[in-house]
Structures are given as structure tokens and as C-alpha cells.
Amino acid sequence: MYAQMIKSEKSQDDPEKLAAFQQRIDDGEKIEPKDWMPEGYRKTLIRQIGQHAHSEIVGQLPEGNWITRAPTLERKAILLAKVQDEAGHGLYLYCAAETLGVSRDQLTRDLLSGKMKYSSIFNYPTLTWADMGAVGWLVDGAAIMNQVPLQRTSYGPYARAMVRICKEESFHQRQGFDIMMKMANGTEAQRKMAQDALNRFWYPSLMMFGPSDANSVHSEQNMAWKIKMNTNDELRQKFVDQTAPQAAFLGLNIPDEHLKWNEERGHYDFSEPDWDEFFDVLRGNGPCSVERMEARNKAWDDGAWVRDGLMAHAAKKKARRVAAE
Ligand code: BYC
């Protein structure tokens, strides 16, 4: 056993194996669960897919907050469906992570202990109905910008999960924009509410793409492995370029006095978010960080009887099968 472990660790460093693996990636082949992969590739995928799954699950909380207060039955039904979709995304992603040899329970424990992160954006509160518009338009918009390229990521189960997720996210983004259109063209009070939501969600949405390229720890290796297809700054720029004309169409102002089309670059110039705030949120000091983790811990504790019941049922079934053999 020990000899086997040493052998397998050595093979991890085997330059020939590593080169052949990289060649497969460079040739655009998909890596599948039973294929050989470097330990770093496996661990990074678990970190990224797990963090992504946790984001989908925690992401239900700020929107779930408004289901009971949606302004019409139709809006309530749409929001309910969207929040359910997010739960589904979390489940596809946990399944993709499980193909890498980690259990969903373990991932959940790592989230609850604070070892694993979830997206910084979900540590901000949703204070008004217009926030449902801003979340759909900006947060789902940023998520799609990041996730469309991930449909071509090198790990097969992750890439396939992303195809389905992206289809649903694009519906989410449109429903958010639809709320913003109604609010922006409504009464003066509604327009103000829409502007206030944009003011509060703009910079946190820019932060979703991660730190600037100069401070990104994982980008270089993950892009070589095609776990990540673009740098954080590339995607942030694309997001600003897409969103600025949409804000103009809504007649709303992006809260950035430096936002300006740059003819020479063919892109908008814009202000960076406050990176001290970003890192502080990552350390667990976001406005809703404590509340979010309390909600997840409560859900885990409240669900203990279901897990126990299922495990007892499975054990009983197994005992019956063994006795019959
Ligand atoms: N929040 O080296 P870097 C959604 C961490 S949307 C928290 O650039 P990487 C949804 C990063 O983990 C969101 N942490 O990292 C939408 C690393 O720390 P660790 C989910 C962040 O991984 C609507 C450190 O900062 N989407 O699901 O190359 C409704 C250095 O960063 C954040 C995904 O997860 C952040 N914003 O790039 C419901 C997409 N940014 O782990 C749900 C997949 C960075 O070393 N993920 N960090 O301790 C990715 O594409 C990449 O993981 C990221 C970061 C672009 C997010």
C-alpha cells in the first residue's frame, strides 16, 4: 500500500505524464473523471467548482428574501422559479465536483467551517424590490460573462454542467433587466429605487470577477489548464462594455464619474472597485457575511433528521440484502 502511494505520488511529478496531459489540453481534448490528471489540476477544480456550487446555493438567500414581498403574483412566480434554478445549478455543480473524488457533505462542511469561499457578491443585502432587478441584470449578467467561456473548460463534467447553467442564467438576466425597465420607466419613486439599486450593486458586481490580474493567484496556471478561459480583468472589461449602453438605455447613471468610451482602446474606461473592501468581504466581514453563514448552518442542522433517516433506510436495505444472500 505504502509502496503504491509512493509510486502514485512519483507519477504525479512524472514529466512525461505531465507533458502528455498538457498536450491533451492544448489539443482541446476534454479531461474525463477516470483520466489521469495532476493532483494540482484536481484540487483546483474542486476549489473552483465547489466555490461555484456554494455561490449558487448561498445566492438563493438574497433573492429568497423577496419572494414573499414580490409586487404581483406573476413576479412572485418568476422569482420563485429563478431561485429554484439556482438550487438546481448548485446541484449540477456539486455532482461535477463529486466526479473528482470529494463528497457533497465534505464540500458543505468546508463551506460551513469557513474553509471554502462563495462569491463575495452574496454578502451584500437586497434592500428593495429594485434590487431583484439589479441582481438579475448585473449579478447574473456578470455570472454569464464568466460562465459562457467556462462551457469550453477542459474538464468534461464541469463544461457540460455550464451549458445548462448558462441557458438558465440568460433567462435570469433578462428577467432582471425587465424589472429594471419597469422601474426605470415607472413613477419617480420607482426610478429612484432603480438608480439606488444600481448605485449599490455596481462595484460589488465588478468585484465578482476577482482581483485585478496583477493580484490574481491562480489565473496563470488555471488558464494553461483551461480551467479558466480569460483573465479577471478581461472579463470585467467585457462586462463594463456590455453594461454601460444598457444603463444608458434604461436612463440610469452608472455611479462612476470616470466611465467613458475610449475610442483608441475600443473599450470603456472605468474606475476600479475598492479592493480593500473586496478583501475584507473575503475575510468574512461583508455586510451580510454572518447572516449568510448562520442561514446555511441552520439549514444544515435542520436537515440532520432527513440525512439520518436516509442513512438508516439505506443501512436497513443493505442488511436485508446481505441476509438474503
Ligand atoms: N468572491 O487567483 P484568483 C453565481 C478568491 S455567480 C469570493 O483570481 P480564481 C450566481 C479566489 O477564490 C458567482 N472569492 O482566483 C449568480 C482566490 O482565493 P482562494 C460564482 C473570490 O479562482 C447569480 C483569491 O480570491 N461563479 O454563481 O482564479 C445568482 C484570488 O483570486 C472572488 C463562479 O464561481 C469572489 N468574487 O478566480 C446565483 C465562477 N474572486 O480560493 C448564483 C467560477 C476571487 O485561493 N469561478 N476570489 O482562497 C471562477 O471563474 C474563478 O474562481 C473566479 C476567481 C473568477 C471567481
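We did not get these values from a lab; they are worked out from the coordinates using the rules stated. Nothing here was measured: the structure is a model prediction, and the numbers come from that model. Neighbour counts are summed over all protein chains in view; Cβ atoms, including those assigned to glycine, are modelled from backbone coordinates with ideal geometry.
Taking 17 Å as the cut-off, the amide N atoms of the range 209-227 that come nearer than this to a point 7 Å along the Cα-to-beta-carbon line of Gln22 belong to 219-227.
Please give the residues of the range 46-63, grouped as numeric ranges, whose backbone N is less than 14 Å from a label point set 7 Å along the Cα-to-Cβ vector of Gln221. Only 46-48 pass the distance filter.
The Ser103 and Asp301 beta-carbon pair, evaluated with R₀ = 22 Å, returns a calculated FRET efficiency of approximately 0.75.
Taking Asp14, Asp110, Asp196 as the candidate residues, the one with maximal mean-square fluctuation in a Gaussian network model of the chain, Cα springs under 10 Å, is Asp14.
The peptide list 129-137, 301-309, 160-168, 284-292, put in order of mean Cβ contacts within 10 Å with the highest first, becomes 129-137, 160-168, 284-292, 301-309. Pairs from the list Lys17/Lys43; Lys17/Lys226; Lys117/Lys167; Lys192/Lys238 with a Cα-Cα gap above 22 Å: Lys117/Lys167; Lys192/Lys238.
In terms of the mean number of neighbouring beta-carbon atoms within 10 Å, the peptides 77-84, 170-177 order highest first as 170-177, 77-84. Equivalent ellipsoid of the chain: semi-axes from √(5λ) of the C-alpha gyration tensor, largest first, are 37, 28, 17 Å.
Between Ser170 and Asp14, the FRET efficiency from the beta-carbon distance, with R0 = 35 Å, is close to 0.25.
When all alpha carbon pairs of the range 231-274 are counted in 10 Å bins from zero, the resulting P(r) reads 26, 60, 14, 0 %. With R₀ set to 56 Å, the beta-carbon distance separating Arg320 from Ala214 gives a calculated FRET efficiency near 0.40. With a cut-off of 12 Å on the backbone N, the residues of the range 138-164 near the modelled label site 7 Å out from Glu32 along Cα-Cβ are 156-157.
In degrees from 0 to 90, rounded to the nearest 10, what is the angle of the helix 156-184 Cα long axis to the longest principal axis of the chain? Value to nearest ten degrees: 20. Seen from all directions on average, the range 96-243 presents a Cα convex hull projection of 9.7 nm². Estimated purely from DSSP H runs of n ≥ 4, each contributing -39500 (n - 2.57), the mean residue ellipticity at 222 nm for the chain is -21500 deg cm²/dmol once divided by its residues. Compared with the dominant Cα axis of the chain, that is its longest principal axis, helix 2-13 is turned about 40°.
Evaluated with a Cβ-only charge set (Lys, Arg +1; Asp, Glu -1), the chain carries a dipole of roughly 1560 debye about its Cα centre, given to the nearest 20.
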